[in-house]
Amino acid sequence: MRRLVWSLMSVAALALAGCGNSSQSPEGGAQGGDAAQTPAQANQITGQVALRDAGTTVSPAAKLDLTLIDVSTPDATPLATKTIESANTLPITFQLPFNPADVNPAGLYVLKATLTDGDRKYNPPLQTQVLTKGMPTQVNIQLVGEQTQGEKELAAFTSVQKQIGGMKISNGTKLEDKVSRGWQVFREAGEVKFIREEVDYGDKGFTSTDYAYKDGKPWVVVQQKKSSKDSKPSSTERAAWGQDGTLVLKTNDQGSKSSPLSDDEAASLQKQSQSILNLATNGKGK
């Protein structure tokens, strides 16, 4: 019996000695090689930017703008920005460094990516969330081309063009030296919305032109040039102006080829638009 008691005491002593050699500090913290490691904070967003339509090409003048910003805070200052010039070789691999100390853990960060090529912009259809709330720091972004301002105006013009049959119509003609001119004026609520003009220059050709107006000012002009009235157009010139009068569309289509209309040619169409408005309304503009 005495031997059994001494054996139990020996086991207890060894257990206490083991506790004394524990790696726990008096405060209970881990020490030595088994210490827990704090993961390093991310300090950059990385990834690729590509066009959704792989067959689309952009010019060497295209540029890519990247902006990392907290959209949960109104008027927030971007956490990081970067511009990549000559961004015409896609996909583009990028790294966007930022200062981890500036990150708000409660913030909602998105990476904005905009590719600009002349008048056209390419943006992702959805926001790309990153960094906080379990979102990644490595992303692949696909961009989709948006309508240019000129294309938007032309689409709105086409919509008005389809409605002219329901407008009030008046007609007019004018004979000049070797030039025969005729037109139709389309009004809505007493305001000129549209004028369709045909001009026969004899052996110098024929033009058929649609003019659209907003608030009494030239808005969109589409002019077809032909060798004669019944022949196919040799060219179609288009010009459009925004609300502030800025030229936003200027194209010249010849067959399957399209080229920019010069500023002087666009100004000529705008002048023609104003002239026919004055002629058709006896200078009243309506």
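Side notes on the structure shown:
- Just one of the listed residues (216, 205) is at pLDDT below 95 and open to solvent by less than 80 Å² (accessible area, probe 1.4 Å), and it is 216.
- Residue under evaluation residue 196, criteria (1) closer than 20 Å to residue 148 by Cα; (2) assigned to a strand (DSSP E or B); (3) not acidic (Asp, Glu), criterion not met: (1)
- Counted as qualifying within the range 229-286 are the strands (runs of 3 or more DSSP E) with 3 or more residues that are at pLDDT 95 or above, namely 235-241, 247-254.
- Some residue of the range 241-254 being open to solvent by 80 Å² or more (accessible area, probe 1.4 Å), over 19 Å from residue 151 (Cβ atoms) and not basic (Lys, Arg): yes
- Matching entry among 136, 105 (being over 15 Å from the mean Cα position of the chain (by Cα), without any contact (Cβ under 8 Å) to a residue 24 or more places away in the chain and either assigned to a loop (DSSP other than H, G, I, E, B) or exposed (fewer than 13 other Cβ atoms within 10 Å of the Cβ) (or both)): 136
- Some residue of the range 43-54 being at pLDDT 90 or above, in a loop (DSSP other than H, G, I, E, B) and open to solvent by less than 50 Å² (accessible area, probe 1.4 Å): no
- In the range 139-159, the qualifying residues are those that are of a type in the set (S, T, N, Q) and either assigned to a loop (DSSP other than H, G, I, E, B) or open to solvent by less than 20 Å² (accessible area, probe 1.4 Å) (or both), and the one that is farthest from residue 247 (Cα to Cα) is 147.
- For residue 243: the one exception among (1) closer than 18 Å to residue 155 by Cα; (2) free of Cβ contacts under 8 Å to residues at least 24 places away in the same chain; (3) polar (S, T, N, Q): (2)
- Residue 64 being in a strand (DSSP E or B) and within 23 Å of residue 125 (Cβ to Cβ): yes
The values are calculated or read from the model by the stated rules, or taken from the named source; none is laboratory data. All of these numbers come straight from a predicted model, not from anything done at the bench. Here Cβ is always computed from backbone atoms with ideal geometry, including for glycine, and neighbour counts include all displayed protein chains. All accessible areas refer to the heavy atoms of the entire protein, side chains included, with ligands and DNA or RNA removed. Shrake-Rupley method; radii C 1.70, N 1.55, O 1.52, S 1.80 Å.
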